[in-house]
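Engineer: Take a look at this one; I'll ask things after.
The values are calculated or read from the model by the stated rules, or taken from the named source; none is laboratory data. Computed from a predicted structure; not experimentally measured. Because the Cβ atoms are built from the backbone with ideal geometry, glycine has one as well, and the counts that use them run over all protein chains shown.
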Amino acid sequence: MLPSVESLRLYLKSTTERERQQKYHNNEGQEGDEKEKTSRLKGWLSLIRHWLKPKDSEMAKSSFVPCPKVTFLIDKPDKIHCQICKCTRLLFQSEEAAQEADGSWGDSVPAMMPCGHVAGAACLDAWFADHDTCPFCRRRLVYRKCGHKVTTRHVTHEGLFLIPMTIPEGGAIPDLCIKCQQKGLIQTVNVRYQACCRRFVNARKRFQDSPGEVELRALVDRKSELERLVFEEYHVQVINAWLRHW
């Protein structure tokens, strides 16, 4: 039996509607991808604008340095001032010149925050004594899991290369501060560390009982094993965490 004209009309209408909806969703997905690409592009353009600024720009009135390595190594601004106290001139210098006789940091030392803002180290220390946000953008600078305040990084000739990527550059604040990460690493390697200690003590006792060449070699091997565990499993991971994260 052939379908009626009315049933064919309804079928064609429903098919057209499905195709229209499918096309709409496809376009919507493409628009979402395009919006995401545009957003990423705008983020990079904002960074590139800072790279393209001339050396004698309004850096003295700015506290936003999203690319500290580009700014301090290439642009080398000589008129940047702390925007908290409005008077201290910040100097990019060596750690030896930046530290006072008592080992404290001088007022002219720039300190970097993860959000890309910079200010005088002394002013920031005073600010973070009562606050946990950036004094400029008000971003909360705390580690999510442990709740400790984020550590600022001093901008010196030696310290600049140890500063992680800022958030505008694609960096991030980790869940735990470096001290809490250290505690976690200690707990992780503690079982293996205790086992290494026992093997070293046993090897030393055997060498004391019969100081032969075989016992000496075993003692040296156990000592190397202990040092390797402490260095590779603990210190290297702590250093990597310090270099990669705030």
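Every residue, every condition in (1) modelled with pLDDT of 80 or more; (2) β-branched (Val, Ile, Thr); (3) surrounded by 11 or more Cβ atoms within 10 Å (Cβ to Cβ), yes or no:
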{"residue": "Glu19", "(1), (2), (3)": "no, no, no"}
{"residue": "Gln30", "(1), (2), (3)": "no, no, no"}
{"residue": "Lys35", "(1), (2), (3)": "no, no, no"}
{"residue": "Lys42", "(1), (2), (3)": "no, no, no"}
{"residue": "Lys53", "(1), (2), (3)": "no, no, yes"}
{"residue": "Leu73", "(1), (2), (3)": "yes, no, yes"}
{"residue": "His81", "(1), (2), (3)": "yes, no, yes"}
{"residue": "Ala101", "(1), (2), (3)": "no, no, no"}
{"residue": "Cys115", "(1), (2), (3)": "yes, no, yes"}
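Engineer: Can I ask one more? Of these, Cys177, Cys196, which one is farther than 30 Å from Cys146 by Cα, within 36 Å of the chain's Cα centre (by Cα) and either hydrophobic (A, V, I, L, M, F, W, C) or crowded, with 16+ Cβ neighbours inside 10 Å (or both)?
Structural biologist: Matching residue, one of Cys177, Cys196: Cys196.
Engineer: Now a separate question. Somewhere in the range 142-151, is a residue at pLDDT 90 or above, small (Gly, Ala, Ser) and under 15 Å from Pro66 (Cβ atoms)?
Structural biologist: Taking every residue of the range 142-151 in turn, none turns out to be at pLDDT 90 or above, small (Gly, Ala, Ser) and under 15 Å from Pro66 (Cβ atoms).
Engineer: Output the residues belonging to the range 149-174 that are surrounded by fewer than 16 Cβ atoms within 10 Å (Cβ to Cβ) and under 25 Å from Val230 (Cβ atoms).
Structural biologist: Residue satisfying the conditions is Leu162 alone.
Engineer: Follow-up question, since we're still on this one. Starting from residues that are assigned to a loop (DSSP other than H, G, I, E, B) and in contact (Cβ under 8 Å) with a residue 60 or more places away in the chain, keep the ones in the range 91-120 and report whichever is farthest from His157 (Cα to Cα).
Structural biologist: Pro114
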